[in-house]
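A short write-up of the structure that comes next.
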Amino acid sequence: MRNVVATPLFARHLQDFLAEYAEKGAVRFVERLQTSYQAMVKNIGSFDEIGLVRRRTINGKKLTIREYVLDAGARDFLVLYFQPPDPSEPVLLLNIRIGGQNRFRWKC
């Protein structure tokens, strides 16, 4: 099993979503999101060829960014992650957004 590391951007967006839904009292929704997140972390290393792919150029390097859908029941969340070719390197969770949004929020 590969290690999974989240970027500060991913962690902040996830925390914002959790705080928003917890404030609304959506306890079951937050529990389902947590369960789906834990399953993703456990299984993400095995999705070498399955996830949808986006190709991006970051700092002059071409990277293959993959997508993973977290099912939280009432809403889906889309996670962008990078899986390095070297199996000793961790999977990097880059960003998360609500499934219906058209764009990722990259700015702070």
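The values are calculated or read from the model by the stated rules, or taken from the named source; none is laboratory data. Only a predicted model underlies this, so the values are computations on that prediction, with no experimental measurement involved. Positions of Cβ are generated from backbone atoms using ideal geometry, with glycine treated the same way; all protein chains shown enter the neighbour counts. For accessibility, only protein heavy atoms count, side chains too; no ligands or nucleic acids. Shrake-Rupley method; radii C 1.70, N 1.55, O 1.52, S 1.80 Å.
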- prompt: Quick one: helix 8-23 against the long Cα principal axis of the chain, what's the angle to the nearest 10°, folded into 0 to 90?
  reply: 10
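Give the whole-number value, in cubic angstrom per residue, of the convex hull volume spanned by the C-alpha atoms of the chain.
Working: hull volume 11.8 nm³, N = 108.
About 109 Å³ per residue, rounded to a whole number.
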- request: For the chain, with all protein chains present and a 1.4 Å probe, just round the carbon and sulfur fraction of the accessible area to a whole percent.
  value: 52
task: Sticking with the crude label model, points 7 Å out along Cα→Cβ, report the distance from ARG2 to ILE98 in nm, one decimal please.
output: 3.0
Helix 27-43 axis, angle to the chain major axis (alpha carbon atoms, nearest 10°): 20
message: I'd like the Kirkwood hydrodynamic radius of region 1-51, using the inverse of the mean 1/r over distinct C-alpha pairs, in Å.
response: 12.3
